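Where a number appears in this text, it was derived from the coordinates with a stated rule and is not lab data. The model shown is predicted, which means the values in this text are computed figures rather than measured ones. Cβ atoms come from the backbone with ideal geometry, glycine included; neighbour counts cover every protein chain shown.
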Amino acid sequence: MMQEAGGVLKEGFLVKRGHIVHNWKVRWFVLLQDKLLYYKLEGGKKEPSPKGRILLDGCTITCPCLEYENRPLLIKLKTKTNTDYFLECCSREERDSWALDITGAIHAGHPVQVQELHRMKNSFKLLANISLHHIVDKMHDSSTGMKLTPNMEQGNRYKETFTGSALVDWLISNSFAVSRFEAVTLASMLMEENFIKPVGARSIEATRYSDLSEQFLDDSTALYMFAESYKKKISSKEDLQINISELSGTIVKQGYLVKQGHKRKNWKVRRFVLRADPAFLHYYDPTKEENRPVGGFSLRGCLVSALEDNGVPMGVKGNVQGNLFKIITKNDIHYYIQASSKAERARWIEAIKPLT
């Protein structure tokens, strides 16, 4: 999938919203100095000519973009001619990295802004072992959680809100953060991951800034509330069909890979999530709204190996272009998966092996 061409700054899968019909499709994106090209995938192969291009000159970028509640990892690009492009990534790190590189390409003629972006990106570090779900559960605790109050603002009545500064105070007093700066970073993450949302003019205005600095306001006039998606996560009966313990492990790695279907042998892009304790590999359909795996399996007793790139290996159908690996489960089910480069394939195999 990778092309060794001069001027390619970055490439990989992103999920793009359609222009005319607002459905979501996975495309292979290639970032050049002045434009972003996107390609359709046919089987396991990138089509030779791009399906479309986004010209970056005069583009504005919004990241994080909170316009779709069920898609918290969006980047929005608005072109000079006012066309909106919505692009979804598979993880926060991936999204920030794409946003940084696209912003770098847009501002290529302004090195000071690019330096500033890198500085901000590097300051956005947090304890690796912090679980946002754990924090949100604590915030909901009826006795020690966030105190929610009704609020009137500009004629709108918001039922259960809290202020930005109240959340910062709460995070520090519950030892989730040691400084206000750290607490703001954490609150920004809660907002990006769609656990809380801004309400009212002040806090919504802050999220519209297109730079990557903190979008969350440590302010007693900025209002926030819990996002609906949290309640859905708790009350949705359907989610209980996949054994909850399968999804309770620590996420070790995630990313877009192309997988061969079991029945129809067609190749589809899936978002793979690798978890440890318990060790499971789940895959999701990135074009769908609901964040539920469409499949997955325990890694205990699995065999994982790279497949040769010369010729089409046994069991593989279609015109695929290398970088394949295979996982055989304990029950002898064979999964054929394609990474976007040799290096990416090696990283996945390396991450999976210790968990088998």
Computed E for Ser173/Asn70 - FRET, C-beta separation, R0 35 angstrom, nearest 0.05: 0.65
Using a Förster radius of 25 Å, what is the FRET efficiency between Lys51 and Val8 based on their Cβ-Cβ separation? Nearest 0.05, please. 0.90
Lysines with Cα under 17 Å of Lys288, excluding same-chain neighbours fewer than 8 positions away: Lys16, Lys25, Lys232, Lys233, Lys259, Lys268
Loop-only trypsin sites (Lys or Arg not before Pro) in the stretch 316-356, please: DSSP not H, G, I, E or B, and at most 13 other Cβ atoms within 10 Å. Lys330
Please give the FRET efficiency for Ser341 paired with Glu160, using the beta carbon to beta carbon distance and R0 = 56 Å, rounded to the nearest 0.05. 0.75
